[in-house]
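Asks: To start, I am sharing the structure in question, which I have written as structure tokens.
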Amino acid sequence: MRTLIGSAGAVVLAVVLLPWVSGCRAGAGSDCITDSNCEQGLVCLHAEIEVDGRAYPDKTGACSVDPDQDGIGSDGDFSGSTVDSRCGVHVNVYPETATETVYEQVIGNCDDNCEGVRNSFILSRFGCAATDDCCPVSAEDKAAAPANALCGDITDNEDSCSACLSGEHNGSASPRRCFLTFDDQGGYDIDDQGCLHCRPLRNGVPCAVDEKGVDTCTTDPRLPTPACSGSFKCDPGLGLCAFRPRLFSDLDARGRIVLYQTDADWDGVGDQCDNCPGVPNGIECRNPLYAFRCDMDGDGTATPQEIAAFGGQRNDDGDMWGDACDKCPEITDNDNSDIDGDGDGAPCDADDDGDLICDPGQDDWTCSGIDNCPEIPNPNQADKDFDGKGDVCDPDRDGDEIRENGDGQEAYHPCNPQTGPCCDNPPCQVGEPDNFRCRDCDDNCPSVFNPEQIDGDGDGLGDACDDG
């Protein structure tokens, strides 16, 4: 510390000597400005600070190991261990309702849960800006509020105007933070209590945008007042007014933007690098606090044998699925499909579709015969045209070389050589591509052999099967 004496008196200047001033490089966790300030193998990891709604790199960072450059250090808490406090948000997402339930979260000062994969996301949340309608303060207070100030900052109650997020439909709400990724096409919903819900959209208010670009959603009185900042805009795909919330970056005590990593099964391995993202089989299986999650046989106890067999991302066959969730743990199979849901993947299941008829080339005590539709259950093995393909998987059941769905579309477009569609010069000749007589149209008698597809009355049913 130095003391400078001047005419105005004594001015005390505190001089902080950072490690690099003396020429020495700093170790993990030390302050830094550039990578050159850190020991070899470390980088100067800078967080971002948000000021007036804009993000700027923090001038001072910390020396860290960050091989994937995702902003979260391998030893993010600088404890000397990369596995003692893994980052992660344990969140269940329900695709059918596009809602979520958040259980546990470890954010900030934690270890990267995917050291070799960039998997950090900016933690955003819904909020209410002080200047927006959702903030219940006077016009004078709104005018005096700093730019980008949240309503909570001027009402002394940060939760007073926060939006509610729906979790499972059990009457309880998720925490204020929302870990879903919102795209431009997502719908949003606000209930009668003014709480914002993640998709799907329930308030079906039709909308339109005229030739001048005027959006009816901006003035439609049927729309509720949102509990957070944002606006309703017409979604041309839905034809409905969809709410577009304004998302705010979550900040720590120093104003730095918070990053997060998901870990759905809470096993210490992030979803983006977990070989069983829905089944616990990571480092946290060895943690006494979370070992119960790794109970593979469901008896209520995660034994040392289970942890040894499935923990640590064990993967004996070297495919992309860990042993804990691999449906064929001894056969390399990246598909990992299980058509009949019996727990055995296709490569190690003698009867893929579970109809008790063995797949071709398979011999097992659980089935018999040779399945003529190995991926679709058909225990009766019906084969109308005797071509070796069962009717349930045969595109041409009656064997007239005209497919039941010849155009590949859901709508029925019957063949008719008189009026089309069929071939350019009907009837088509056998031997053309795909060996079918007619293309781009559907067999007008799918269960009756009628290669000419004659339909005298043009009702969509071929004469061979038309009783009318």
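The values are calculated or read from the model by the stated rules, or taken from the named source; none is laboratory data. Since we're looking at a predicted model, the values are computed, not measured. Cβ coordinates were reconstructed from backbone atoms using ideal geometry, including for glycine residues, and neighbour counts include every protein chain displayed.
Asks: Can you list the strands (runs of 3 or more DSSP E) found entirely within the stretch 215-292 that contain at least 2 residues being closer than 30 Å to Val51 by Cβ and over 23 Å from the mean Cα position of the chain (by Cα)?
Replies: 230-235
Asks: Now for a different question. Any idea which of (1) modelled with pLDDT of 80 or more; (2) not in a loop (DSSP other than H, G, I, E, B) is the one Asp434 doesn't satisfy?
Replies: (1)
Asks: Looking at Asp299, Asp340, Asp317, Asp326, can you tell me which residue is crowded, with 19+ Cβ neighbours inside 10 Å and part of a loop (DSSP other than H, G, I, E, B)?
Replies: Within the list Asp299, Asp340, Asp317, Asp326, the selection yields Asp326.
So that you can scan it fast, the table gives a plain yes or no per residue for (1) farther than 30 Å from Phe449 by Cα; (2) within 28 Å of the chain's Cα centre (by Cα); (3) modelled with pLDDT of 90 or more:
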residue	(1), (2), (3)
Gly343	yes, yes, no
Asp349	yes, no, no
Asp353	no, no, no
Thr366	yes, no, no
Asp394	no, no, yes
